[in-house]
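A.B. asks: Handing you this structure, nothing more for now.
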Amino acid sequence: MQTSTLLKPNCYVNDAGFDWLYPEKIQQLSRRHWTPLSIAKTAARFLANEPGKRILDIGSGVGKFCLVGARFYPETNFYGIEQREELYQYALEAKAATQTRNVSFIHGNVTQQDLSVYDGFYFYNSFFENLVDQDQIDNKVEYSTSLYNYYSRFLFKKLESSASGTRLVTYHSLEDEVPPCYQLVDASTDLMLKMWIRR
């Protein structure tokens, strides 16, 4: 295996164990903002359907989805993009602590990235913060309905222009970013987690 968990031996057993990778203030955000371990495993299994795939987590936060996916699918390359510098730094620290090699984190805004280089996408509705008045991660970025619409439209267009066979997993999404050319192929019983393939 490419990944060693000698420094944090229980971090892939359950969510509490994984949260131990981070400071307490980050742990307190886990239930609301970070992907549950079971969801991350299910999503990664769908996206990493062949060796060598390049998967992007849009709004990767502290890197949980990417690190979990990389741990269980070492022949897949996981990338996470996060606009908050602090969360990006925590993701880098967690990558170092777990000695994960098939993960890369990018500090930036998704609208500045070339999405055509990826084979699949994970989207835990990172735009939704713009629609609510509470429970945001912090007050270090701007929030507005117009930003939600802008980001959703951007992603819609990029997904629409992606290659046939591109895979997408959405979690707690309003699906404003999912073009009709994506076919729903699987979903959790509560319909919060959905798996799509570009026709």
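Please treat every number below as a calculation from the coordinates, not as lab data. No experiment lies behind these values; they were computed from the predicted model shown. Please note: Cβ atoms are built from the backbone with ideal geometry, for glycine as well, and neighbour counts cover all protein chains shown.
A.B. asks: Which residue, chosen from Q28, T98, S146, occupies the Cα position most advanced towards the positive end of the dipole of the chain, where the dipole is computed from +1 (Lys, Arg) and -1 (Asp, Glu) charges on Cβ about the Cα centre?
C.D. replies: T98
A.B. asks: If Lys and Arg each add +1 and Asp and Glu each add -1, what is the summed charge of the other residues whose beta carbon sits under 10 Å from the beta carbon of E75?
C.D. replies: Neighbour charge sum, excluding E75 itself: 0.
A.B. asks: Looking at this model, which pairs from K41/K64; K41/K157; K41/K140; K53/K158; K64/K95; K140/K194 are more than 20 angstrom apart at the alpha-carbon? Provide the component values of the computation, followed by the final result.
C.D. replies: Working: K41/K64 11 Å; K41/K157 27 Å; K41/K140 30 Å; K53/K158 18 Å; K64/K95 10 Å; K140/K194 30 Å.
Among K41/K64; K41/K157; K41/K140; K53/K158; K64/K95; K140/K194, the Cα-Cα distance tops 20 Å for K41/K157; K41/K140; K140/K194.
A.B. asks: How long, wide and thick is the stretch 157-199, going by the Cα atoms along their three principal axes, in whole angstroms, largest first?
C.D. replies: 29, 18, 12
A.B. asks: Can you tell me the alpha carbon radius of gyration of the chain divided by the globular rule-of-thumb value 2.2 N^0.38 Å?
C.D. replies: Numbers: Rg = 15.8 Å, N = 199, 2.2 N^0.38 = 16.4 Å.
Here the Cα radius of gyration is 0.96 times the empirical estimate.
A.B. asks: Okay, next question. Taking the Cβ of S116 as the center, what net charge do the other residues with Cβ under 14 Å away carry, scoring Lys and Arg +1 and Asp and Glu -1?
C.D. replies: +1
A.B. asks: Something else: Would you tally the net charge around T145, using a Cβ to Cβ cut-off of less than 13 Å, leaving T145 out, and scoring K and R as +1, D and E as -1?
C.D. replies: -3
A.B. asks: Report the far tail of the P(r) of the stretch 1-108, meaning the percent of Cα-Cα pairs longer than 17 Å.
C.D. replies: Percent of Cα pairs beyond 17 Å in the stretch 1-108: 47.
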